[in-house]
Amino acid sequence: MHTLQAIQALRDVLAEPRQRGLRIALVPTMGNLHAGHLALIAHARKRADVVVASLFVNPLQFGPDDDLDAYPRTFAADQAALENAGCDVLFAPRAQTLYPNGFDTPTQVRVPDVSEGLCGGSRPGHFDGVATVVSMLFHLVAPQLACFGEKDYQQLAVIRKMVADLHLPVEIEGVPIMRADDGLALSSRNGYLSAEERAAAPALYRTLCALRERLTQGESVNTVLGDGEKALQDAGFSLDYLALRDSRLNPVTAYTREAVLLAAAYLGPARLIDNLTLELPGC
Ligand code: PAF
């Protein structure tokens, strides 16, 4: 595996496979890799000839109250895990390389509408930072394919809209959420949980499953969501949001069939997110 920091080195390494018409896949990450990230690499490995992972903790997507400084940096372990997973190129640029003019007034990509509300409501500017860095990576790597986890459902929707609106020549593939045996969605932020909080954390998934069951049976959305909020608070979560949206994150209507139930909640210092897709019954 090539490990590269410089843009020119990345372009040089990819020039030859590109010229041979090989298919290049990109898996963007912020490091602190777990089995969920490695599933993205495995997916990319099956769908492309050359797998590039990026590792960059992107300051632009962290707000003033976010955990940028505390965000775990585990470069050596990440590099070894990527190599074992069959990644070909690791691109790990410095902040100064991606943002040569600093962070005060960088050029930014904003994806309106889908970036607003849910995580975008509680983390203003977050998805502008994500869209900006992902579009930079798309320009630098020029992959035919890019893989993102479905755990970050809104992020995936933002990236899909950005790609459609800007006519970027890259296919976006969502990869299903990886869960621990007790159902907790794998996340770098699970590392912030104490043993006691970790034991309580699967209640988020269990609650979503119970709510999904009731929604698919046609119970009133408001009643189900109200009960869900109470159940999560009783389980020790401080709720950010619990919402039912259509699969494109628009509000549900009487005609919505494909829907997604999304939640973000704090457990101690960790902000956990999760989602489940479901089919709503017809009238
Ligand atoms: O999901 C992430 O880890 C990040 O938001 C991403 C897509 C790598 C952009 O920094």
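So if we plug the beta-carbon distance of D165 and I7 into 1/(1 + (r/R0)^6) with R0 = 30 Å, what FRET efficiency do we get, rounded to 0.05?
It comes out at approximately 0.75.
Please give me, ordered by residue number, the chymotrypsin sites (Phe, Trp or Tyr not before Pro) of the range 228-262 that lie in loop per DSSP and have at most 10 other Cβ atoms within 10 Å.
In loop regions of the range 228-262 (DSSP not H, G, I, E or B), the sparsely surrounded chymotrypsin sites (Phe, Trp or Tyr not before Pro) are Y255.
Once you put a point 7 Å from the Cα of R110 and another 7 Å from the Cα of T216, both along the Cβ direction, what distance in nm separates them?
4.0
Once the other residues with Cβ under 14 Å from the Cβ of A42 are scored (Lys, Arg +1; Asp, Glu -1), what is the net sum?
Residues near A42 contribute 0 overall.
Please compute the net charge surrounding E173, taking Lys and Arg as +1 and Asp and Glu as -1 over other residues with Cβ under 12 Å from its Cβ.
+1
With N set to the number of residues, divide the alpha-carbon radius of gyration of the range 33-90 by 2.2 N^0.38 Å and report two decimals.
Scaled against compact globular proteins, the figure is 1.28.
Taking the Cα atoms of the range 159-283, report the difference between the largest and smallest coordinate on each principal axis, in whole Å and largest first.
On the principal axes, the range 159-283 reaches 45, 39, 24 Å in Cα extent.
Sort 134-146, 6-18 for me by packing, meaning the mean count of neighbouring Cβ atoms within 10 Å per residue, highest on top.
Per-residue Cβ counts within 10 Å, averaged per peptide and sorted highest first, yield 134-146, 6-18.
So which trypsin sites (Lys or Arg not before Pro) in the range 226-280 pass both tests, a DSSP loop state and at most 14 other Cβ atoms within 10 Å of the Cβ?
Here the trypsin sites (Lys or Arg not before Pro) that fit, given the DSSP loop and packing criteria, are R248, R257.
Once the piece of chain linking D246 and F103 is laid out straight, how much longer is it, given 0.36 nm per residue of separation minus the C-alpha distance between them?
Full extension from D246 to F103 adds 48.0 nm.
Roughly how many debye, to the nearest 20, is the charge dipole of the range 74-185 about its Cα centre, given +1 on each Lys and Arg Cβ, -1 on each Asp and Glu Cβ, and no other charges?
With Lys and Arg at +1 and Asp and Glu at -1, about 240 debye.
Every read-out reported here was derived from the displayed coordinates using simple, explicitly stated rules and does not represent laboratory data. Worth saying up front: this structure is predicted, and the values here are computed from it rather than measured. Here the Cβ is made from the backbone with ideal geometry for all residues, glycine too, and neighbour counts use every protein chain on show.
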